[in-house]
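Each remark here refers to the structure printed beneath this line.
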Amino acid sequence: EDKVVQSPLSLVVHEGDTVTLNCSYEVTNFRSLLWYKQEKKAPTFLFMLTSSGIEKKSGRLSSILDKKELFSILNITATQTGDSAVYLCAVGDNNAGNMLTFGGGTRLMVKP
Amino acid sequence: NAGVTQTPKFQVLKTGQSMTLQCAQDMNHNSMYWYRQDPGMGLRLIYYSASEGTTDKGEVPNGYNVSRLNKREFSLRLESAAPSQTSVYFCASSDRVYNEQFFGPGTRLTVL
């Protein structure tokens, strides 16, 4: 059974801080790892990672995957109050078609 | 291009009542999914449909049934609602090739 564990469960920082969110996984036949941001409603896609060591970057957000150690991190630099959300990590398994297994999420609160 | 749409947005049921949640996507995706999200539990897969004409159980299928009506529509039915089914329900879709899933806005269901 595929498993995704995110840490920390929650985090409170001040604007301008840098945060690192962690995602570790166990999967039978790794296909991809995805990060989503969820504010009040539906999750919105951030990154998809398939290869180790290649950083994906979008503005102040970046993410990297380590397929040997089975984890990924999501970094947010110069945080803003608009970054407050739940960040979800999910893994895709080649043995499971298009199914994704989601972690429980990290709740980030950025204070002014 | 509306993406993934869900109806209704909110619903209150009494124990034992039945209802159907509707989902439609206009992205010509092959795969569609139903998730439930409970506080602190992340997203859990109820059922999915890898392609038109097929449906499979996910992690928490008990108490639910689904119908893949056509390529666009995937409905979720609660035959006899129970308070344990109080949750937020998300529908999602994805292209067969890529794992990125696009989510609908969600349905908040309360069972009294």
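Name the residues of segment B:2-45 whose accessible area, probed at 1.4 Å, falls by at least 40 Å² once all protein chains are in place instead of their chain on its own? Buried by the other chains: B:Leu43. Within the accessible area of segment B:19-89, the carbon and sulfur atoms contribute 45%, probe 1.4 Å, all protein chains present. Take segment A:65-112 with all the other protein chains still there, run a 1.4 Å probe, and you get 40 Å² of accessible area per residue.
Applying a threshold of 24 Å to the alpha-carbon distances of A:Lys67/B:Lys71; A:Lys56/B:Lys71; A:Lys37/A:Lys111; A:Lys37/B:Lys9; A:Lys37/B:Lys71; A:Lys40/B:Lys9 flags A:Lys67/B:Lys71; A:Lys56/B:Lys71; A:Lys37/B:Lys71 as lying beyond it. Accessible surface for chain B, divided over its residues, is 47 Å² per residue with a 1.4 Å probe. Note on B:Glu52: accessible area approximately 110 square angstrom, rounded to 10, probe 1.4 Å, nucleic acids and ligands left out. Over segment A:53-112, with every protein chain in place, what whole percent of the accessible area is carbon and sulfur at 1.4 Å, could you tell me? Answer for segment A:53-112 is 53 percent, counting heavy atoms of protein chains only.
Modelled spin-label separation between A:Asp17 and B:Thr15, with each label point placed 7 Å from Cα along the Cα-to-Cβ direction: 4.3 nm. Within the straight-line cut-off of under 15 Å between alpha carbons, the aspartates and glutamates reachable from A:Lys68 are A:Glu26, sequence neighbours fewer than 8 places apart in one chain being disregarded. Net charge in the neighbourhood of A:Leu74 (other residues with Cβ under 15 Å of its Cβ; Lys, Arg +1, Asp, Glu -1) is +1. Both chains summed, the buried accessible area for A and B stands near 1600 Å², from protein heavy atoms and a 1.4 Å probe.
The values are calculated or read from the model by the stated rules, or taken from the named source; none is laboratory data. Since the structure is predicted, the reported quantities are computational estimates derived from the model, not experimental observations. Glycine gets a Cβ as well: all are built from the backbone with ideal geometry, and neighbour counts include every protein chain shown. With ligands, DNA and RNA removed, areas are computed over all heavy atoms of the protein, side chains included. Shrake-Rupley method; radii C 1.70, N 1.55, O 1.52, S 1.80 Å.
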